[in-house]
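S.K.: Structure incoming, see below.
The values are calculated or read from the model by the stated rules, or taken from the named source; none is laboratory data. Only a predicted model underlies this, so the values are computations on that prediction, with no experimental measurement involved. Cβ coordinates were reconstructed from backbone atoms using ideal geometry, including for glycine residues, and neighbour counts include every protein chain displayed. These accessible areas exclude ligands, DNA and RNA; they are computed on the full protein's heavy atoms, side chains included. Shrake-Rupley method; radii C 1.70, N 1.55, O 1.52, S 1.80 Å.
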Amino acid sequence: MSHDHPQRADAAPPSWWQDLADTIRQRPALRAALAVLLALFLLAVYAPLLASDLPLLAREHSQWSSPWLNNLFNKTYYDGPLDPTFNLLILALPLYGLARWLLLRRIPHLSRWAGALFVLAASWLALDPAANYLNPPDSPRESGLHDLLGAYQAPYPKGVHDRSWQWHLPAPIAFSFRTTTAHPHSAPTWQGRPLLHSILWQGSTDAPPRLHLAPSLPRWRHPLGTDNLGRDLTARLCYGARAAITVGLAAAAIAVGLGTLLGLLAGWVGGWVDLLISRLIEVMVCFPSLILILALTALLDAPSLFHLIAVIGLTRWTAPARLMRGEALRLRQEVYITAALALGLRPREVLFRHLLPNAIGALAVATTFAIANAILVESTVALLGMGDATVPTWGKMLNDGRVFHNTAMMLLPGLALFVTLLAINLLGEGLRDAFDPRQQRQRPPPS
Amino acid sequence: MRSGLLAYACQRLLVMIPTFFTIIILVFIILNLIPVPPPFVGGEGQSGDETETQRRFRETFNLDRPLLFNTGPWATTREVLTLIERSTDGDAPFATRLAATRSLEEMGPFAVPHLSALLQDPSLDPEQVRLVMHHLSYNARHRVRGPTHAVSQHDHALHRAIATNHELATLRPRDDASPEQLAALRLAWLAWYERDQARFAFSTGDRLAATFGETRLYHYLSRLLQGDFGLTLQQEPVAAEVGKRLKVSLTLGVLSLLLILSLSLPLGLFSALRPWPLLDHILTALVFVLYALPVFFVATLAVEHLPPQGFFPTSGFGSSPLQNPNMTSAERLWDLLRHIFIPVICISYGALATVSRYARAGFIEVINADHVLAARARGLPTATVIGKHILRNGMLPVLTLLGTLIPALLSGSVVVEYIFEIDGIGRYLLMAIQVRDFAVIMAILHYSALLTLVAIFLADLAYAVADPRITFARRT
C-alpha cells in the first residue's frame, strides 16, 4: 500500500465506547431508561440506609455506637447471602468512586476494568474482617433463638431495642422488610401480629394476642402502608429491588454465557457438534418456558432464589445460542477472520479477539431482553406461590396482595415491575437501534 | 406445486418425529432423576422389606423397575446373596437396606433361580431365609396390572396368573413364623421350584430383551404409544384428566391466537403506511407499555376491580350448570364468551404488542422495496398494491413468529388460569406440582411440546405457501 493518500490520523474514528455514548446521548428514551435503571440499582444497594429496623446512630451510657453499621454484615441477621452481598456494595461503591478518582489521576494508563476489579476485591477483603470486628461474637444478636425470633417482630433486634437509648437516630423508615410490628413508641395496639408469634407468646404480653390479618392503614410511619402481616410496604419494595436485580443479572448471565458458548461452538466448529447443539436447541424450543421452569421447580423441595436463578438460566439459553450461532456462521465468512487465520492466529484467539467483539452488539441486546425475561419469570413463579418464601420479591408481594385483597400490595409491586421492565425493554430497543448496522449514524466526515 | 407442498409437509413431519421422541425421553429421564420417596408408610422401624402398600404404589405408578437398563437378568447368586445380606444388616442405614430390597424386587423373575439356590444354602440365618422366601413369593408372581375385579370371565391366562399369585401368597412366611414353620415352608418352596422350574429357565435372548424391555422407560413408552399416560395420584387415567382440561386451554389459546392475528396485522399495516404519523407514535408507545405490563399484574387487577358477577364474570370457564340448568346452546356459548373475554385479553395483549411490532417492521421493509415502487409506478391502484404486493410479503415475519407464539400463549395461560380460576391444563399443572404428581407433569409437558411442534409445522407450511420464492425442489 502506498502512503500517498491522506491519512486520517487527526480524525481517528470514534472508539466503540464513544460511539455508544454518542448514541445514548442522542436518544432521550434511552437516557431516561438508563437513569431509571441506575436509580433502581442505587435504591437496591442503599435500601438498608432508607429502611432499617436498626438505629443509624445511638448514644448510650455516654457512648456513641451505630447498631446499623454493626449489623450490616451480620450473617445471622439475614437469611441468605443476598443482603450481606448488597450491603457490601453500600461501602464498596463510594470506595470505588474515590479510588478510581485517585488512581486515574495518578496512573492515567490504568485500565478501568482492572481498577474496578481491584477496588471491589480490596473492599471485599477489607470489609469482611471489619464486619467481624464491628460485630463481635458476643453481640446480643447471637445470644439465642429468642433473639433471632425477636428480630422478626420488633423494629430493633431484641437485645438492642431493650436498651433505653439516651438518644438515637432511626433510619427514615424505621422498619426492615420483615419487621412485623409497629414502632415501640407508637400506640401499644400491636397490630398485625404474625400467627406464629401469637401462638408462641400467648399471654406473655399485656395486650391480648389476637390474629389480625387485616392490613393496617397507612400512617406517617409507614408512607405506603403495611402488608397483611404489618410489614412496611416501602421497605419491602426497596428490598424487592435487590431480589429483582439479582435474579435478572445472575439468570441472564447464566443463560447468555451458556448460550454464547454453545452457539459459538456450533457456528465455529460446525459438523456434528453443530448438529448436536442445533437439535438440542430445537428440543428446548418446544417447551413453553414457564411450564418447563415450573416442572423443574417441582423437583426441588423448597426452591431458594438461587435455585430459581439456576433453573431460569439453564432453560433460557436457546435464544442467545441461536443468535450467536448465526453470528458465528456469518462472521466466519468475513475476510478479516480469514486473514487472521491465515496470519497464523490460533482459533481461540480469533474467536475471542475478533469474532466475539464483533458480535457484542447483538449479544448486548440479547442480554438486555434476557434480564427482563428473567425478572418477569421469577415474579411469575413467585406469584404462583412456588418461589422463595424468605426473600421479599415483588411477585410474592403481589400474590400476598391478591390473596388478602389489598390494593396497595398489588399496585405497588406491580408498578415497580412495570417500570423496571419498561426501562429494560427501552434500553434493549435503544441498544438494538444503536448497534443496527443498517442504521445510518452520524460519523465525523472524513477529511 | 401442490405435490411439492405435500412432499415438503411429509418431510417436515418426518423430521419432527425424532424430535418429539427425544423430548419424551428427556422429560422422562429428567423428571425421574430424583429418588421416589417411600410413600405413605415405612420408616426406621421396618426390617428392610417393604410393605404391600408400598409395592402396590410402586406398581401402580410404574416405579417397580429400573429406570433405563435392567441388570437383573445378568445377576449371579453371589450378588443376590449380597443384596439379601445387605437388606438384613441391622447396622446399615435404612436407606441402604431399602435400596437393596428394591434392587432385589426390580430383578423380577430373574432372581428366582438364585433365590431358590440360596434356599439350599445352610449357612443362612433364619431371618435371611425368611427374607429369601418373602422375595420368592414376590419375584415369582405374575405382574397383574389394573383393577382385577372387572376382568372378563374368558381371560383364562389372566385367571391362571391370579391363581398362581394366590398360591405364592400362601407360601409367604409370616413375620412371627417359628423355626419349624420356616423349615416347612422352605421344603414347600423347594418343591414348588422343582415343579415350576420351567418358567424360570431364561435364554440369553430373554435376558437381552429384559435388559432393555423390563425398564420403566420402555414400559412408559410402550404405554404412551397406546395413549396411556399412566394414572394420577387419585388413580384416574392421566390422559382423560389432561384431555378434559386441554379442551379448555385450547379454547383460550385458539381464541387468543385469532384475536392476535386479526388485530396485529391491520395495526401493523396501518402503522407502516403512516397515514397519520402521530398515531404511529402513539401506537408504538402503546406497544411498549403493553409489552412491559406483566400478565399477572393486569389479570390480578381485573379480578380484584371488576365485579365478579358482572357482564364479564372474572372467574371460571362458563357458569356452573347448577346455577342456570336450562340454558340453550346459544345461551351457553354466549355465557362462555362472556366468561373468557377478559382472560383471552390478558393472555393475548403482550403477544399482540410483539406481533404488531413485527408486522409493522415487515410491512415497512416491503413498502420500501423496489417491486412495490415499481407496482406504484405502473399506476396500479393502492388497494391492489397493498393486497397483492405488500400484504403477502409483509406477513412473512409474522408467520415465522407463529412457532414461538404458541408456547408463549401456553405459558401465559398458566398464569391466567391460576388467577381467573379456570380449570385448564395450566392450573392442573400447578396442582400437580404441589402434590408432586409426576405422571401429570410429564403428560402436560408432552402435550405442550406436541402443540408447539404442531404450531411450528403449521408455521413452516404457511411460510412455504406465502413465500413465492420458496421452491420445494431445492429445500432440505
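S.K.: If I filter region A:361-409 down to residues being closer than 18 Å to residue A:178 by Cα and among the aliphatic types (A, V, I, L, M), which single residue comes out as farthest from the other protein chains (Cβ to nearest Cβ)?
M.R.: A:391
S.K.: How many residues does region A:245-257 hold that are open to solvent by 10 Å² or more (accessible area, probe 1.4 Å) and either acidic (Asp, Glu) or touching a helix residue (DSSP H, G or I) at 6+ places or on another chain (Cβ under 7 Å) (or both)?
M.R.: Selection size over region A:245-257: 6.
S.K.: Please verify whether region A:71-80 includes one or more residues that are farther than 25 Å from residue A:305 by Cα and touching a Pro at 6+ places or on another chain (Cβ under 7 Å). Working first, answer last.
M.R.: The initial filter retains those residues of region A:71-80 that are farther than 25 Å from residue A:305 by Cα, namely none.
Taking every residue of region A:71-80 in turn, none turns out to be farther than 25 Å from residue A:305 by Cα and touching a Pro at 6+ places or on another chain (Cβ under 7 Å).
S.K.: Here are the criteria: (1) open to solvent by 10 Å² or more (accessible area, probe 1.4 Å); (2) under 22 Å from residue B:214 (Cα atoms); (3) in contact with a helix residue (DSSP H, G or I) (Cβ under 9 Å, 6 or more places away or on another chain); (4) assigned to a helix (DSSP H, G or I). Tell me which single one residue B:141 does not satisfy.
M.R.: Every listed condition holds for residue B:141 apart from (4).
S.K.: Hey, among B:364, B:386, B:345, B:390, which residue is closer than 30 Å to residue A:381 by Cβ, part of a helix (DSSP H, G or I) and either in contact (Cβ under 8 Å) with a residue 60 or more places away in the chain or more than 13 Å from every other protein chain (Cβ to nearest Cβ) (or both)?
M.R.: On the way: B:364 fails: closer than 30 Å to residue A:381 by Cβ; B:386 fails: closer than 30 Å to residue A:381 by Cβ; B:390 fails: closer than 30 Å to residue A:381 by Cβ.
B:345 is the lone residue from the list that is closer than 30 Å to residue A:381 by Cβ, part of a helix (DSSP H, G or I) and either in contact (Cβ under 8 Å) with a residue 60 or more places away in the chain or more than 13 Å from every other protein chain (Cβ to nearest Cβ) (or both).
S.K.: Just one of the numbered conditions (1) more than 10 Å from chain A (Cβ to nearest Cβ); (2) of a type outside the set (Phe, Trp, Tyr); (3) out of contact with any helix residue (DSSP H, G or I) (no Cβ under 7 Å at 6 or more places or on another chain); (4) touching a residue at least 60 places away in the same chain (Cβ under 8 Å) is not true of residue B:439; which one?
M.R.: (3)
S.K.: Now for a separate question. Which of the residues belonging to region A:293-307 are under 14 Å from residue B:31 (Cα atoms) and open to solvent by less than 20 Å² (accessible area, probe 1.4 Å)?
M.R.: Within region A:293-307, A:293, A:294, A:295, A:297, A:298 meet the criteria.
S.K.: So in region A:384-417, with the set limited to residues that are open to solvent by 10 Å² or more (accessible area, probe 1.4 Å) and polar (S, T, N, Q), which one is farthest from residue B:432 (Cα to Cα)?
M.R.: A:407
S.K.: Going through B:421, B:417 one at a time, which residue ends up being in contact with a Gly (Cβ under 7 Å, 6 or more places away or on another chain), closer than 25 Å to residue B:251 by Cα, crowded, with 23+ Cβ neighbours inside 10 Å and among the acidic types (Asp, Glu)?
M.R.: Just one listed residue meets the conditions, B:417.
S.K.: The conditions are (1) away from chain A (no Cβ under 11 Å); (2) open to solvent by 50 Å² or more (accessible area, probe 1.4 Å); (3) closer than 26 Å to residue B:398 by Cα, and residue B:462 fails exactly one of them. Which is it?
M.R.: Failed condition: (2).
S.K.: Just one of the numbered conditions (1) modelled with pLDDT of 80 or more; (2) under 24 Å from the mean Cα position of the chain (by Cα); (3) more than 30 Å from residue A:233 (Cα to Cα) is not true of residue A:28; which one?
M.R.: Of the numbered conditions (1) modelled with pLDDT of 80 or more; (2) under 24 Å from the mean Cα position of the chain (by Cα); (3) more than 30 Å from residue A:233 (Cα to Cα), the odd one out for residue A:28 is (2).
S.K.: Could you check how many residues of region B:175-220 are open to solvent by 50 Å² or more (accessible area, probe 1.4 Å), more than 30 Å from residue B:446 (Cβ to Cβ) and assigned to a helix (DSSP H, G or I)? Please lay out each step first, then the result.
M.R.: Just the residues of region B:175-220 that are open to solvent by 50 Å² or more (accessible area, probe 1.4 Å), to begin with: B:175-176, B:179-181, B:183-184, B:186-187, B:191, B:194-195, B:197-199, B:201, B:203-204, B:206-209, B:212, B:214, B:218.
Pick out the ones that are also more than 30 Å from residue B:446 (Cβ to Cβ) and you get B:175-176, B:179-181, B:183-184, B:186-187, B:191, B:194-195, B:197-199, B:201, B:203-204, B:206-207.
The next check asks that each one be assigned to a helix (DSSP H, G or I); those that pass are B:179-181, B:183-184, B:186-187, B:191, B:194-195, B:197-199, B:204, B:206-207.
Number of matching residues: 16.
S.K.: Scan region B:112-147 residue by residue and report those that are within 24 Å of residue B:159 (Cα to Cα) and free of Cβ contacts under 8 Å to residues at least 40 places away in the same chain.
M.R.: Answer for region B:112-147, where residues must be within 24 Å of residue B:159 (Cα to Cα) and free of Cβ contacts under 8 Å to residues at least 40 places away in the same chain: B:137, B:139, B:141, B:142, B:144, B:146, B:147.
S.K.: Within region A:288-321, track down each residue that is more than 9 Å from chain B (Cβ to nearest Cβ), more than 21 Å from the chain's Cα centre (by Cα), free of Cβ contacts under 8 Å to residues at least 60 places away in the same chain and part of a helix (DSSP H, G or I).
M.R.: Matches in region A:288-321: A:318 only.
S.K.: If you don't mind, there's one more thing I want to ask. Among the residues of region B:284-305, are any away from every other protein chain (no Cβ under 14 Å) and either part of a helix (DSSP H, G or I) or exposed (fewer than 12 other Cβ atoms within 10 Å of the Cβ) (or both)?
M.R.: Scanning region B:284-305 turns up no residue that is away from every other protein chain (no Cβ under 14 Å) and either part of a helix (DSSP H, G or I) or exposed (fewer than 12 other Cβ atoms within 10 Å of the Cβ) (or both).
S.K.: Just one of B:106, B:85 is surrounded by fewer than 23 Cβ atoms within 10 Å (Cβ to Cβ), farther than 26 Å from residue B:178 by Cβ, modelled with pLDDT of 80 or more and acidic (Asp, Glu); which is it?
M.R.: Exactly one residue qualifies, and that residue is B:106.
S.K.: While we're looking at this one, here's another question. Looking only at residues that are open to solvent by less than 20 Å² (accessible area, probe 1.4 Å) and part of a helix (DSSP H, G or I) in region A:261-277, which one is nearest to the other protein chains (Cβ to nearest Cβ)?
M.R.: To start, the set of residues in region A:261-277 that are open to solvent by less than 20 Å² (accessible area, probe 1.4 Å) comprises A:263-264, A:266-267, A:270, A:277.
Now narrow it down to the ones that are part of a helix (DSSP H, G or I): A:263-264, A:266-267, A:277.
Numbers: A:263: 17, A:264: 23, A:266: 17, A:267: 19, A:277: 13 Å.
In this case the residue turns out to be A:277.
S.K.: If a residue must be modelled with pLDDT under 80 and either touching a His at 6+ places or on another chain (Cβ under 9 Å) or outside any loop (DSSP other than H, G, I, E, B) (or both), how many such residues does region A:70-84 contain? Let's see the steps before the verdict.
M.R.: From region A:70-84, those modelled with pLDDT under 80 are A:70-81, A:84; that's our starting set.
Now restrict to residues that are either touching a His at 6+ places or on another chain (Cβ under 9 Å) or outside any loop (DSSP other than H, G, I, E, B) (or both): A:70, A:84.
Summing the residues that are modelled with pLDDT under 80 and either touching a His at 6+ places or on another chain (Cβ under 9 Å) or outside any loop (DSSP other than H, G, I, E, B) (or both) in region A:70-84 gives 2.
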